[in-house]
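Structure, as structure tokens:
Bear in mind these aren't lab numbers, they're just calculated from the coordinates by the rules spelled out. Just so it is clear, the structure is predicted and the values come from calculations on it, not from any experiment. Virtual Cβ from ideal backbone geometry, glycine too; neighbours counted across all protein chains shown.
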Amino acid sequence: MDTYDILLYGSYILVAIGIVAAVLMPLIKSLDNPKSLMKTAIGIVGIVVLFFIAYSISSNEVLPKFEAAPFNLTPFGSQIVGGMLITTYILSIVALGSIVLTEVTKAIK
């Protein structure tokens, strides 16, 4: 094994430890306050509902050039990607709208 391989595997391990810590530590801390878990659960359910709405309105059409290798895109995959894109667009518009609304309310006060 080269030094590069060892360092690369070490970085994989450190990233995995960081991901586990980033997920578990807030969960452990939020056990002290169960209401914060409820707010998080409501947010996750809201995003999942928004995704399924976006998934249901997205098209499953696949152009012929994307059906062959190297893409091998299926109608199901196309509809998933379309749902993700529509979800991203909606969340981006909501974020930008909330930024504008916050700035306008600050300016009025």
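For the stretch 86-109 and the stretch 1-22, what is the separation of their C-alpha centers, rounded to whole Å? Cα centres, the stretch 86-109 to the stretch 1-22: 38 Å.
The residue among Phe66, Phe52, Ile42 whose Cα reaches farthest toward the positive pole of the charge dipole of the chain, with charges on the beta-carbon of Lys, Arg, Asp and Glu, is Ile42. If R0 is 25 Å, the Cβ-Cβ spacing of Leu96 and Ile57 corresponds to a FRET efficiency of close to 0.75. Taking only the alpha carbons of the chain, we obtain Rg and Dmax values of 21.1, 64 Å in that order. Helix content alone sets the calculated 222 nm mean residue ellipticity of the chain: runs of n ≥ 4 DSSP H residues at -39500 (n - 2.57) each, divided across all residues, give -29000 deg cm²/dmol.
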